[in-house]
Amino acid sequence: MVERAAVGYLAALALSRSACAWQHDIETATGTSPARTGPNEHATKMQTSSAQPAGEPMTTSRLAAGERMQTSRLAAGERMQTLRTIAALRAALGGPRRAGASIGVVPTMGALHDGHLSLIDLARARCDIVVVSLFVNPAQFDDSADLDAYPRDEQRDARLAAAAGADVLFAPSPEEVFPDGFATTVTVAGVSGPLEGERRGGTHFAAVATVVAKLLNMAQPDVAYFGRKDAQQVAVIRRLVRNLDIPVRIEVGATIRDPDGLALSSRNARLRTDERERALALRHGLDAIRAAVDGGARDAAELAAAGRAAMSALDVEPEYLELVDPDSFTAVARLNGEPVLAAVAARVGAVRLIDNEILTPNGSH
């Protein structure tokens, strides 16, 4: 009954949405597709679509002001479908896919914030059907206490996803995703090894790659949307999709920040008041590196030292603060004209945070 209702709803919805394919054709012809833009142009597009002043960082102002405005789809009385099985998801998406609808998926682990909502916004603007997955993957937590502390509130997440324009909330149980007898792991060598791979253990990115590969097979979307804050995860997923010939386009949304520059994370809610101020050390470290690049510094060790010094002013010691190639995540010794990623991770109290910044020799980011 649920499957038939979802199929009918989404098929009718798909027939009423032809703008996505038309818009994509226009963007491709004019060269304005996000796939053709660099990180700076993409961030600018995201800021514009979020009614942010040009040149200012994206912030949580919309959520801070209260509930987001519902889309016309919801105002017209249409409802987001919540599905919990792979069979129901495939049945719901089958009709729209056959009708030529484009499907976008936004993978999340819940605890939605404006970073997630900006990705839903991006998918809503470019796809006929938007699927938001909500699944806390136990396999990618190297610390059981971290898994236990991870915030979960499906009702809140569903309300926010619906208001942002999602058509489907896919919220499977761990048993649905990893049934008895599941014995397959997807490992992406190379890019998954350094930084997060070293600190979180060799199984972390294998767990990420496995669950993302499963989700892409379950939903079979045209586009999947991820946030730039998780830069190494994005690099792993890009390699996964390329190596396994998965027919999906990966689009990356800009990092969304609080007004003081702290990158949004579901973990931020666990910071105590004094820790919240110290958490800005990650942003300060990246700002110091960018300032040093603007001042002419090119040596990676010198740049990392500037970042560490800025972080120490807030009594935060990074787990790592390194300059790497943004595709392979191999360390670079010197900026030589190609984009370089400054990546940082640190614990503030019991909360582990990450952030990053794309740098070029002229200081753009």
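Looking across the range 119-134 at every residue that is among the aliphatic types (A, V, I, L, M) and outside any strand (DSSP E or B), the one that is farthest from the chain's Cα centre (by Cα) is identified as Ala125.
Within the set Glu317, Glu302, Glu322, the sole residue that is free of Cβ contacts under 8 Å to residues at least 60 places away in the same chain and under 24 Å from Leu262 (Cβ atoms) turns out to be Glu317. The set of residues from the range 211-254 being among the basic types (Lys, Arg), more than 19 Å from Ala91 (Cα to Cα) and more than 11 Å from the chain's Cα centre (by Cα) comprises Arg238, Arg239, Arg242, Arg249. Residues Ile237, Ile250, Ile289: which one is buried (at least 17 other Cβ atoms within 10 Å of the Cβ), β-branched (Val, Ile, Thr) and in contact with a Gly (Cβ under 7 Å, 6 or more places away or on another chain)? Among Ile237, Ile250, Ile289, only Ile289 is buried (at least 17 other Cβ atoms within 10 Å of the Cβ), β-branched (Val, Ile, Thr) and in contact with a Gly (Cβ under 7 Å, 6 or more places away or on another chain). With respect to being β-branched (Val, Ile, Thr) and at pLDDT 95 or above, Thr330 fits the description.
Which residue, of Ala313, Ala281, is over 19 Å from Val236 (Cβ atoms), modelled with pLDDT of 95 or more and either surrounded by fewer than 22 Cβ atoms within 10 Å (Cβ to Cβ) or assigned by TED's automatic domain parsing to the domain that holds Pro107 (or both)? One residue alone meets the criteria, Ala313.
Ala291 meets all of the listed conditions (1) closer than 23 Å to Val234 by Cα; (2) of a type outside the set (Asp, Glu); (3) out of contact with any strand residue (DSSP E or B) (no Cβ under 8 Å at 6 or more places or on another chain) but one, namely (1).
For the range 77-118, a residue qualifies if it is assigned to a helix (DSSP H, G or I) and farther than 22 Å from Pro247 by Cβ, and the qualifying residues are Ala88, Asp114, Gly115, His116, Leu117, Ser118.
Quick grid of which residues meet (1) in the same structural domain as Ile354 (by TED's automatic domain parsing); (2) farther than 28 Å from Leu341 by Cα; (3) surrounded by 20 or more Cβ atoms within 10 Å (Cβ to Cβ):
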site: Ala139; (1), (2), (3): no, no, no
site: Ser144; (1), (2), (3): no, yes, no
site: Ala163; (1), (2), (3): no, yes, no
site: Gly190; (1), (2), (3): no, no, no
site: Gly197; (1), (2), (3): no, no, yes
site: Gln220; (1), (2), (3): no, yes, no
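Checked against (1) out of contact with any Gly (no Cβ under 6 Å at 6 or more places or on another chain); (2) in contact (Cβ under 8 Å) with a residue 24 or more places away in the chain; (3) closer than 23 Å to Val208 by Cβ, Asp143 passes all but a single condition, namely (2).
Each row is one residue, and each column tells you yes or no for (1) more than 18 Å from Gly104 (Cβ to Cβ); (2) of a type outside the set (A, V, I, L, M); (3) crowded, with 18+ Cβ neighbours inside 10 Å.
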position: Gly193; (1), (2), (3): yes, yes, no
position: Arg200; (1), (2), (3): yes, yes, yes
position: Ala206; (1), (2), (3): yes, no, yes
position: Leu216; (1), (2), (3): no, no, yes
position: Tyr225; (1), (2), (3): no, yes, yes
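All told, Pro318 falls short of being at pLDDT 95 or above and under 22 Å from Arg239 (Cα atoms).
The values are calculated or read from the model by the stated rules, or taken from the named source; none is laboratory data. These numbers were taken from a predicted model, which means no experiment stands behind them. Counting neighbours? That spans all protein chains shown, and the Cβs are built from the backbone with ideal geometry, glycine included.
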